[in-house]
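Inspection log for the structure reproduced underneath, given as structure tokens.
The values are calculated or read from the model by the stated rules, or taken from the named source; none is laboratory data. Please read these numbers as outputs of a predicted model, since none were measured by experiment. Cβ: placed from backbone, ideal geometry, glycine included. Neighbour counts: every protein chain shown.
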Amino acid sequence: MSSNKILVTGGCGYIGSHTTLLLFEAGFDVVVVDNLANSSKESLRRVEQLSGKTVELYQLDVRDNDALTAVFAKHEFKAVIHFAGLKAVGESTEIPLDYYDQNISGTINLLKVMQQFNCYQIVFSSSATVYGDPASVPITEDFPTSATNPYGRTKLFVEEILRDLSRADDQWHVIMLRYFNPIGAHQSGLIGEQPQGIPNNLMPFISQVAAGKRDKLSIFGGDYSTPDGTGIRDYIHVMDLSDAHVKAIHKIDGLVGTTTLNIGTGNGYSVLEMVHTFEEVTGVFVAHEIVERRAGDIAECWAEPKLASSVLGWKAKLNLNDMMTDTWRWQKDNPDGF
Ligand SMILES: NC(=O)c1ccc[n+]([C@@H]2O[C@H](COP(=O)([O-])OP(=O)(O)OC[C@H]3O[C@@H](n4cnc5c(N)ncnc54)[C@H](O)[C@@H]3O)[C@@H](O)[C@H]2O)c1
């Protein structure tokens with residue numbers, strides 16, 4: 001009988017912890033590897049609390065060949081979901097070598113070990129950042145790709161590596177999910193996003209201002225060519241995003257070679273719409289001001305998610321109100337994170 005066990009790299013992190021929970025709920029066994037560079041074990045303890053299942057966690061770096069080999073020697077995996085890596089765009093311009101090493105060398109090491117153990121199925125966390133500054137919206141998967149920073153380039157390079165690998169050996173089944181902007185938290189308020197230091201993304205920033213942890217939100221740019229002048233993004237609930245991974249695992253046996261899919265809702269919301277919706281849904285005021293544009297930011301980015309719908313049978317189900325309600329519950333219940 002083939003294995004029902006999934007290796008989740010970076011499973012203690014934001015998207016990894018929610019996906020681990022949904023994999024359990026779908027009946028899979030899960031093993032997590034994570035070096036805890038940007039997370040804590042507490043997230044998995046809470047996944048255990050929610051699922052009633054036990055997670056086997058190996059605290060290791062995906063670049064560590066010996067440690068990863070030992071995990072594969074102990075378990076037979078149906079597939080790997082590869083979240084582990086660094087993700088802060090700004091930081092990637094300051095320490096590019098760390099980004100190339102962790103995101104690219106880490107993935108190459110993982111792929112080598114997978115190959116050694118005849119595990120040829122992988123779901124990779126790519127990003128809408130690979131579209132650079134798109135010529136139009138909505139964005140389809142065949143749009144040209146480019147990158148404006150080292151983080152984005154790591155995603156582009158890993159996509160190319162995975163394509164080369166599956167061209168060279170048709171045993172590979174590779175699904176690359178290009179996430180748009182994940183926000184929100186599990187409805188229990190027990191797991192969510194825990195940014196370290198000053199949040200890089202809009203939603204944790206909004207909720208920290210609302211909670212009184214920060215004075216005000218700086219909105220980068222009010223003069224974009226959008227209806228209210230602020231940038232427009234496709235925000236997707238982390239539970240919907242996690243569900244896309246479970247659907248990908250269900251379909252992966254039949255998807256030979258590489259499959260590249262946008263994971264977004266197909267709706268774009270401006271920064272000001274996000275602030276006002278948060279205020280309406282929670283009743284809490286969010287102090288904000290409009291400041292200069294941030295280098296590298298684009299005006300509009302939202303997905304055409306039809307391909308994911310036809311290939312995976314997946315569709316985002318949760319709306320912006322759900323995203324706001326769940327973010328705020330997580331923030332209120334866990335003012336200092338895990
Ligand atoms: N959150 C987003 O907005 C977003 C958008 C697009 C793509 N992604 C990608 O999705 C993946 C998961 O993102 P997330 O938001 O859950 O981030 P996260 O930082 O919460 O999770 C990543 C996890 O990987 C672990 N990790 C990092 N480097 C590692 C290494 N070398 N070895 C082992 N573990 C390591 C971290 O400790 C963390 O638990 C990342 O690859 C990220 O680039 C995220």
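Can you name every residue in region 13-54 that is more than 15 Å from the ligand (Cβ to nearest atom), buried (at least 20 other Cβ atoms within 10 Å of the Cβ) and in a loop (DSSP other than H, G, I, E, B)?
If the condition is that a residue be more than 15 Å from the ligand (Cβ to nearest atom), buried (at least 20 other Cβ atoms within 10 Å of the Cβ) and in a loop (DSSP other than H, G, I, E, B), then Phe28 is the only one that fits.
Within region 169-227, track down each residue that is of a type in the set (S, T, N, Q) and either in contact (Cβ under 8 Å) with a residue 24 or more places away in the chain or buried (at least 22 other Cβ atoms within 10 Å of the Cβ) (or both).
Initially, region 169-227 is screened for residues of a type in the set (S, T, N, Q), giving 171, 181, 187-188, 194, 196, 200-201, 207-208, 218, 225-226.
The answer is Gln171, Asn181, Gln187, Ser188, Gln194, Gln196, Asn200, Ser207, Gln208, Ser218, Ser225, Thr226.
Filter region 151-168 for residues that are closer than 13 Å to Ser125 by Cα and either in contact with a helix residue (DSSP H, G or I) (Cβ under 6 Å, 6 or more places away or on another chain) or of a type in the set (S, T, N, Q) (or both); which is surrounded by the most Cβ atoms within 10 Å (Cβ to Cβ)?
Here is the first cut: in region 151-168, the ones closer than 13 Å to Ser125 by Cα are 151-152, 154-159, 162.
Checking the rest, the ones that are also either in contact with a helix residue (DSSP H, G or I) (Cβ under 6 Å, 6 or more places away or on another chain) or of a type in the set (S, T, N, Q) (or both) come to 151-152, 154-158.
On the way: Tyr151: 23, Gly152: 22, Thr154: 27, Lys155: 25, Leu156: 17, Phe157: 16, Val158: 23.
Top of the filtered list is Thr154.
Under 7 Å between Cβ atoms, which residue pairs at least 6 apart in sequence (or on different chains) link something in region 55-77 that is surrounded by 15 or more Cβ atoms within 10 Å (Cβ to Cβ) with a partner that is part of a loop (DSSP other than H, G, I, E, B) and of a type in the set (Lys, Arg)? Note: pairs meeting the criteria are Leu57/Lys41.
Taking region 244-338 as the region of interest, the helices (runs of 4 or more DSSP H) fully inside it that hold 1 or more residues being more than 22 Å from Gly13 (Cβ to Cβ) and touching a His at 6+ places or on another chain (Cβ under 6 Å) are 271-282.
Report yes if some residue within region 86-103 is away from the ligand (no atom under 11 Å from the Cβ), modelled with pLDDT of 95 or more, surrounded by fewer than 19 Cβ atoms within 10 Å (Cβ to Cβ) and within 25 Å of Ser166 (Cβ to Cβ); otherwise report no. Scanning region 86-103 turns up at least one residue that is away from the ligand (no atom under 11 Å from the Cβ), modelled with pLDDT of 95 or more, surrounded by fewer than 19 Cβ atoms within 10 Å (Cβ to Cβ) and within 25 Å of Ser166 (Cβ to Cβ).
Can you pull out the strands (runs of 3 or more DSSP E) entirely within region 133-223 that have at least 3 residues that are over 25 Å from Gly11 (Cβ atoms)? Spell out how you get there, then give the answer.
On the way: elements: 173-179, 181-183, 217-220.
The strands (runs of 3 or more DSSP E) meeting that bar are 217-220.
So for region 26-46 (the condition being in contact with a helix residue (DSSP H, G or I) (Cβ under 6 Å, 6 or more places away or on another chain), touching a residue at least 60 places away in the same chain (Cβ under 8 Å) and more than 19 Å from Ile249 (Cα to Cα)), does at least one residue qualify? Yes, region 26-46 has at least one match. Here the condition is being free of Cβ contacts under 8 Å to residues at least 40 places away in the same chain and not small (Gly, Ala, Ser); of Phe143, Phe117, it holds for Phe143 alone. Applying a threshold of 6 Å to beta carbon distances and a minimum spacing of six or more residues, or different chains, the list of pairs starting in region 85-110 at a residue that is in a loop (DSSP other than H, G, I, E, B) and ending at one that is modelled with pLDDT under 95 and within 12 Å of the ligand (Cβ to nearest atom) reads Ala88/Asn200.
Could you check Leu21 against (1) within 19 Å of the chain's Cα centre (by Cα); (2) over 19 Å from Pro182 (Cα atoms) and say which number it fails? Result: Leu21 passes all but (2).
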